[in-house]
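The values are calculated or read from the model by the stated rules, or taken from the named source; none is laboratory data. Just so it is clear, the structure is predicted and the values come from calculations on it, not from any experiment. Cβ: placed from backbone, ideal geometry, glycine included. Neighbour counts: every protein chain shown.
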Amino acid sequence: MNVPFIDFRPQYETIKTEMHKGLNAVFEKGNFILGEEAQDFEKDFARYCGCKHGVGVNSGTDALYLTVSALDIKPGDEVILPTFTFIATALCVSYTGAKPVFVDSEPETYNLDPDGVKKAMTSKTKAIIPVHIYGQAANMKEINALAAKRNIAVIEDACQAHGATYQGKKAGSLGQVGCFSFYPTKSLGGFGDGGMVVTNDQKIYEKVTMLRDYGRKNRYEHSIKGYNSRLDTVQAVVLAEKLKYLDEWNRLRNKVAERYFKGLGKLQGKVGLPKIKSDRSHVFQTFAVRLKKRDKIMEEMKKRGIGVLIHYPIALHLQEAYIDAGYKKGDLPFAEQLCEEVLSLPMFPHMSQEQVDYVCQTLAELV
Ligand SMILES: *Cc1c(COP(=O)(O)O)cnc(C)c1O
């Protein structure tokens, strides 16, 4: 049997008819940049997240970067973030000349560890960027409390958590600003790059809106040195159509996860399973297990037709790109251990029971 890591086709089939209607309208009108469909989608997605404002941008990386810029973070400043994440979480800080300060993960959720944050805080700390890794929110209560004491910003990297909830609130509305990616493999993914900043903060909203459009105040006047980072109208049409199904698709992801839990539960001690905290939901953008001898098992699974990936094999503090940050192996030990053990199994909403069972059986044989 062949089980791809992700299969986009069923989602495409679901939205096809309506989406093509929407796309045709845009092709006829030619309003490709900042068209009304893009503005409608900003409103829809912001509302979905429980936020007043949404600003469409060209990627999750830019959502983060424009947010960090809007907060006036600059050389000499420090921003705290997890080392166990995708590199864009740190790059957005580096682009401004500020210093990313890497922190270890919590044992249960693999999310940013609040105790580590506390220890990493200095007088230079200007913001904290928790990442809702794999689709489960970070410990926002403690992180927000630490930030509030020092009056610094909390920027959510919600690029893996579209629709996830924490104590009844949606990811993106849990800090001062929420940043999303619509990269094709994300739970809400376009047919190309895209991203969004959501917030209730009027000032940040206005600044990011200017930054993504050449620092424009109006057509000819530029108040700040901005960028070109907008969400295409065409992508907005695709995403608006997919947004209608996001909750349903997240529910289906949870059903796949349940079947994984059932199928892999008997391998206790050999396969480490995700843990869902009682005060939050998990949207399973990624279903990662932990394995000793991960690399061997991974190669064998690939040979048997199963698409698997590693998120992430190298912690950011040990990446060559961050050699200048001066960390060494052993500095953030739990994240380093995760990097050696995690394996992302196939996960997409329309994955069949037979596909899940085949992955479970194969894994059972290999461990
Ligand atoms: C995907 C991702 C990003 C970057 O998003 P792009 O749209 O690819 O730029 C940032 N942070 C995390 C945690 C991600 O998973």
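Looking at Leu174, Leu188, which is the one that is closer than 17 Å to Gly60 by Cα and under 21 Å from the mean Cα position of the chain (by Cα)? Explain how you work it out, then say what you get.
Numbers: Leu174 fails: closer than 17 Å to Gly60 by Cα.
It is Leu188.
Residues in region 119-134 that are surrounded by 15 or more Cβ atoms within 10 Å (Cβ to Cβ) and assigned to a helix (DSSP H, G or I): Ala120, Ile133, Tyr134.
For (1) more than 12 Å from the ligand (Cβ to nearest atom); (2) in contact with a Lys or Arg (Cβ under 9 Å, 6 or more places away or on another chain), each residue gets a yes or a no:
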position	(1), (2)
Phe41	yes, no
Phe45	yes, no
Gly50	yes, yes
Gly54	yes, yes
Ser59	no, no
Leu71	yes, yes
Leu91	no, no
Ala98	yes, yes
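Tell me, yes or no, whether region 303-316 has at least one residue that is assigned to a helix (DSSP H, G or I) and under 23 Å from the mean Cα position of the chain (by Cα). Within region 303-316, one or more residues are assigned to a helix (DSSP H, G or I) and under 23 Å from the mean Cα position of the chain (by Cα). Only residues that are surrounded by fewer than 21 Cβ atoms within 10 Å (Cβ to Cβ) and not in a helix (DSSP H, G or I) were counted across region 79-97, and they come to 5. Across region 277-299, the qualifying residues are those that are part of a loop (DSSP other than H, G, I, E, B) and out of contact with any Asp or Glu (no Cβ under 9 Å at 6 or more places or on another chain), and the one among them that is nearest to Asn250 (Cα to Cα) is Val283. Look at Tyr65 and say whether it is within 14 Å of the ligand (Cβ to nearest atom) and either surrounded by 15 or more Cβ atoms within 10 Å (Cβ to Cβ) or in a helix (DSSP H, G or I) (or both). For Tyr65, the condition - within 14 Å of the ligand (Cβ to nearest atom) and either surrounded by 15 or more Cβ atoms within 10 Å (Cβ to Cβ) or in a helix (DSSP H, G or I) (or both) - is met.
Rundown of residues vs (1) β-branched (Val, Ile, Thr); (2) over 28 Å from Gly168 (Cβ atoms); (3) not assigned by TED's automatic domain parsing to the domain that holds Asp357, yes/no style:
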{"residue": "Thr17", "(1), (2), (3)": "yes, yes, yes"}
{"residue": "Lys21", "(1), (2), (3)": "no, yes, yes"}
{"residue": "Asn24", "(1), (2), (3)": "no, yes, yes"}
{"residue": "Glu37", "(1), (2), (3)": "no, yes, yes"}
{"residue": "Phe41", "(1), (2), (3)": "no, no, yes"}
{"residue": "Lys52", "(1), (2), (3)": "no, no, yes"}
{"residue": "Asn58", "(1), (2), (3)": "no, yes, yes"}
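Is it the case, given these coordinates, that Val55 is part of a strand (DSSP E or B) and either touching a residue at least 60 places away in the same chain (Cβ under 8 Å) or surrounded by 22 or more Cβ atoms within 10 Å (Cβ to Cβ) (or both)? Yes; evaluated as a whole, the condition is true for this residue. Among the residues of region 101-112, those that are touching a residue at least 40 places away in the same chain (Cβ under 8 Å), crowded, with 23+ Cβ neighbours inside 10 Å and at negative phi comprise Phe102, Val103, Asp104, Ser105. From the list Gly269, Gly226, Gly168, the one residue that fits, being surrounded by fewer than 24 Cβ atoms within 10 Å (Cβ to Cβ), on the phi > 0 side of the Ramachandran plot and at pLDDT 95 or above, is Gly168. Pairs linking a residue in region 241-264 that is in contact (Cβ under 8 Å) with a residue 12 or more places away in the chain to a residue that is charged (D, E, K, R), with Cβ atoms under 7 Å and 6 or more positions apart or on different chains, are Glu241/Glu18; Leu243/Asp44; Gly263/Asp357.
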